[in-house]
Structures are given as structure tokens and as C-alpha cells.
Amino acid sequence: MKKLISKSIVLITLLLALSQVAFSQILEDYNPKWQEGERETWFSSNDRLILELDLETFPLAYFSFEIPDHSVVFVGEKLWFFTDKDTAFNEQVNELQREFSKSKVSLTVFKNGISSDQASVMKVLKSELLGTISTGEGFLFNKREFNRQVIRDFFIVGMISCLLLITLYKLAYPFIFAMMIKPISLLNAEDFSESGSLQKFFSGDILLYVFIVNMLLSLAMVTAMVIFRHEWLEARMELNFNSLIVLWLLGSLFLLVLTILKFTAIRILSYLFDLGKLEFAHFFYLLRLVVITTIGLILGCAFFLFNEFSAVKMALEALFTGFFWIYIFGILGLFLIMVNRLGFKKYHLFTYLCIAELVPFLILAKLVLDLGY
């Protein structure tokens with residue numbers, strides 16, 4: 001009798017173990033199916049893994065995902081989520097089908113230097129996590145959805161529009177364009193002579209030039225807002241191509257008004273500090289610096305948007321940090337030029353530049369930083 005009971009217990013234990021294995025069994029292992037991306041054109045992305053997921057079979061099963069740190073994951077053309085650290089989670093098949101409304105989707109994982117053994121996708125029968133996302137200690141997961149092609153289309157249309165306006169402006173006003181674009185003027189400071197050639201700010205040609213510069217700057221700022229504050233923007237407006245174009249144009253007009261107010265403030269301060277007509281040389285010196293820096297910012301942004309999308313966030317952080325420090329050094333260079341060429345007292349000029357440039361720029365940079373983070 002005892003032997004019979006012992007055998008029954010062993011048999012029941014084995015059956016429970018087999019049932020547990022059955023409920024936890026792997027239905028399909030997708031890991032051998034990873035395809036490593038290759039550069040096909042200048043616009044294609046590098047360092048990516050591509051996998052086709054079947055969302056039709058076993059709808060009640062679960063996908064088990066393991067994604068390495070600092071990865072950007074797309075489903076089709078939609079940004080699904082990004083990771084700051086190694087992330088593991090399970091998602092039910094029918095939930096994914098409901099979210100993406102397709103029977104098969106392409107999963108793409110972007111990361112510099114990623115290989116197929118760093119990511120894992122399996123379809124399992126039972127989810128120990130019950131379809132929830134693991135966000136415990138050591139994991140950071142931020143799920144969001146955004147069509148990367150929208151930001152690319154917006155950026156390329158904005159950049160082509162700016163280039164077209166720049167070309168037309170060069171044909172219409174070649175002398176002003178040549179003066180305002182050459183980097184050597186930052187060193188020889190030719191505008192600080194008494195016979196400065198730019199003495200009419202509120203003329204059509206100058207205002208048009210300033211507006212084009214602000215269009216370039218607004219293009220970079222809107223792109224950065226979409227990358228850094230996607231959820232914040234999406235809660236306030238529908239993020240599509242048309243809305244981004246409208247936001248870009250409104251931003252350009254706002255920056256134009258801000259620039260006019262800045263020039264007016266510089267003129268008033270120049271009068272109060274008894275600096276004569278220094279406001280023209282002061283304003284156009286820094287405007288030239290902004291033009292050259294913004295062109296570099298736009299080119300860097302374009303490269304990472306179309307060629308290395310997974311690194312665009314870090315690239316924009318570096319580019320805007322560079323813009324900040326270049327402008328700070330530009331104010332320092334302006335101070336040295338004024339001291340050497342105009343013969344004013346150093347503390348007099350220092351106070352003037354702090355009020356006119358340094359303090360407003362630092363306040364604006366703080367507001368941009370708060371908005372970005």
C-alpha cells in the first residue's frame with residue numbers, strides 16, 4: 001500500500017512538472033531569424049536588427065522580448081519604444097495585433113554595433129509576467145509611438161524651402177549675402193569701422209535675411225522638440241506633417257519678432273550707455289555667428305536623421321550644447337573687439353554686454369533646457 005501511495009505521489013509530481021513545462025514551452029524561437037542591416041544608400045540606417053513577427057497564429061500566446069540598453073525599437077515605420085538600460089518584457093500576441101492592426105509586422109532594433117546575439121524574441125505559451133512590462137530596478141522603459149518618416153518628411157521639406165529662399169536671396173541681394181555669410185568677418189570685425197555698410201535694420205532686405213535665419217533656427221528647434229518632448233507635444237496637438245509645418249512657420253515668426261525686440265533693446269541700451277551707433281556692428285556680428293552655427297546645426301541634424309537615426313537624440317544634445325558654447329565665446333570675442341577697437345572702458349562694456357546679451361541668453365537657454373527635459 002505504501003509503495004502504491006509513493007508511486008502515485010511520484011506520478012502526480014511528474015505530471016505537474018510536465019504540465020508546467022507545457023504551459024511554459026516555447027512555441028517559436030525567432031532568434032535565428034534576425035537579419036543584420038547593411039548600408040544600401042546614404043539614407044539607410046546602420047547598426048540595426050530586423051525581424052518579421054507573426055501576429056496571426058497563437059493569438060493568446062506571448063512574445064518574450066529582451067532588448068539591450070540604448071536601443072530604439074520600431075514596428076514598421078512607427079517608433080515603439082526606446083531603452084536606457086537592458087529591458088525584458090512580455091506582450092500578448094493579440095494585444096500587438098490590436099495595436100498595429102496587421103497580421104505580420106517588421107520589428108527593427110537600432111543600436112550602434114548591435115549584433116543578433118544581443119536581442120531576443122520568442123513566442124511562448126505562458127507569460128510569467130502576465131503580459132506586463134518589466135520596469136524594476138536596473139530597467140528603464142519608455143513606450144511611445146511616433147512615425148519617424150513624418151519627422152524626416154517635415155525636415156527635408158523645411159530644409160529645401162530654406163535652401164530655395166537662400167538661393168533667391170543670393171540672386172536678389174548678392175552683396176549683403178556675401179557680407180553676412182563669410183566666416184572671416186568674425187575675425188577682422190569689419191563692421192566695427194565708422195563706415196559700416198549695414199546701417200538700416202528695418203529695411204526689407206535685412207528683415208528678409210533675418211527671417212530666413214530664424215526659419216533655419218526654428219527648423220532645428222521644432223525637430224529637437226519632437227525628439228525630446230514627443231509626449232508633451234502630442235498631449236497638446238496632433239503630430240503630423242501639416243501640424244509640424246505650421247509649428248515651424250509660427251516658430252519662425254515668433255523668433256523674428258523676438259529678434260526685432262532684441263535689436264530694439266540693443267539700440268536703447270547703446271543709447272543709454274552712450275556708445276553711438278554700436279548697435280549695428282554688435283547685432284550683425286552675433287547674427288553672422290548665429291548663421292554659421294545654425295548651418296552646422298542643420299547639417300548635423302540632417303546627417304543623423306537620415307543616416308543614423310538611433311543616435312539622433314545624443315547628436316542633438318551635443319549640437320545644441322555646441323551652439324550654446326559657441327554663442328558664449330562669441331560674446332567674449334565681441335567684448336575683446338570692442339575693447340581693442342573702440343577704446344571704451346572695460347567695465348563699461350562688460351556691463352553693457354551682460355545686460356544686452358549674456359543675461360538674456362542664459363535665461364533663454366535655461367527655458368529651453370527646462371522645456372527639453
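Values in this text are rule-based calculations from the coordinates and carry no lab data. If you're wondering where the values come from, they're calculated on a predicted model, not measured in any experiment. Positions of Cβ are backbone-derived with ideal geometry, glycine not excepted, and every protein chain shown enters the neighbour counts.
Enumerate the residues in region 104-126 having an amide nitrogen under 13 Å from the point lying 7 Å beyond the Cα of LEU60 toward its Cβ. Counting backbone N atoms under 13 Å from the label point, the list is 125-126. Of the two radii for region 218-309, the radius of gyration is 1.11 times the Kirkwood radius, both from the alpha carbons; that is the Rg over Rh value.
Taking amide H as placed 1.01 Å from N in the peptide plane, the amide H of GLU28 sits under 5 Å from that of LYS123, each at least 5 places away or on another chain.
Working note: Karplus 6.51/-1.76/1.60 with θ = phi - 60° gives region 218-235 the couplings 5, 4, 5, 5, 5, 4, 5, 5, 5, 6, 8, 10, 4, 5, 5, 5, 5, 6 Hz, where Gly and Pro are set to x. Evaluating 6.51 cos²θ - 1.76 cosθ + 1.60 at θ = phi - 60° for every residue in region 51-65, the Karplus couplings come out as 8, 9, 9, 8, 9, 9, 7, 6, x, 8, 7, 10, 8, 9, 10 Hz, glycine and proline recorded as x.
Each Lys and Arg Cβ is given +1 and each Asp and Glu Cβ -1; about its Cα centre, region 213-311 then shows a dipole of about 320 debye. Applied to region 87-104, the Karplus parametrisation 6.51 cos²θ - 1.76 cosθ + 1.60 on θ = phi - 60° returns per-residue 3J(HN,Hα) values of 10, 10, 7, 10, 9, 5, 4, 5, 5, 5, 5, 5, 6, 10, 6, 9, 7, 9 Hz, with x for Gly and Pro. Annotation: the residues ASP153, ASP117, sorted from fewest to most other C-beta atoms within 10 Å of their own C-beta, follow the order ASP117, ASP153.
Is the shape of region 150-372 best called rounded, prolate or oblate, per the rule: a/c under 1.5 gives rounded, else a/b larger than b/c gives prolate, else oblate, with a ≥ b ≥ c the square roots of the Cα gyration tensor eigenvalues? Here region 150-372 falls in the prolate category.
Using only side-chain charges placed at the Cβ, +1 for Lys and Arg and -1 for Asp and Glu, the dipole size of region 150-372 relative to its Cα centre rounds to 400 debye.
For the cross-link pairs LYS182/LYS366; LYS33/LYS104; LYS102/LYS123, the ones whose C-alpha atoms lie over 21 Å apart are LYS182/LYS366. Listed from fewest to most Cβ neighbours within 10 Å, the set THR83, THR167 follows the order THR167, THR83. Working ranking of peptides 316-324, 361-369 by packing, defined as the average number of other Cβ atoms within 10 Å per residue, highest first, is 316-324, 361-369. Judged by the mean number of other Cβ atoms found within 10 Å, the most tightly packed of the peptides 248-259, 213-224 leads the ranking 213-224, 248-259. Going by neighbour counts of Cβ atoms within 10 Å, the residues VAL121, VAL312 line up, fewest first, as VAL121, VAL312. Farthest toward the positive end of the dipole of region 150-372, out of VAL368, TYR271, LEU233, is the Cα of TYR271, where the dipole comes from beta carbon charges about the Cα centre. Measuring against 28 Å, Cα to Cα, the residue pairs LYS262/LYS313; LYS170/LYS345; LYS277/LYS345 contain LYS262/LYS313; LYS170/LYS345 as the ones spanning a longer distance.
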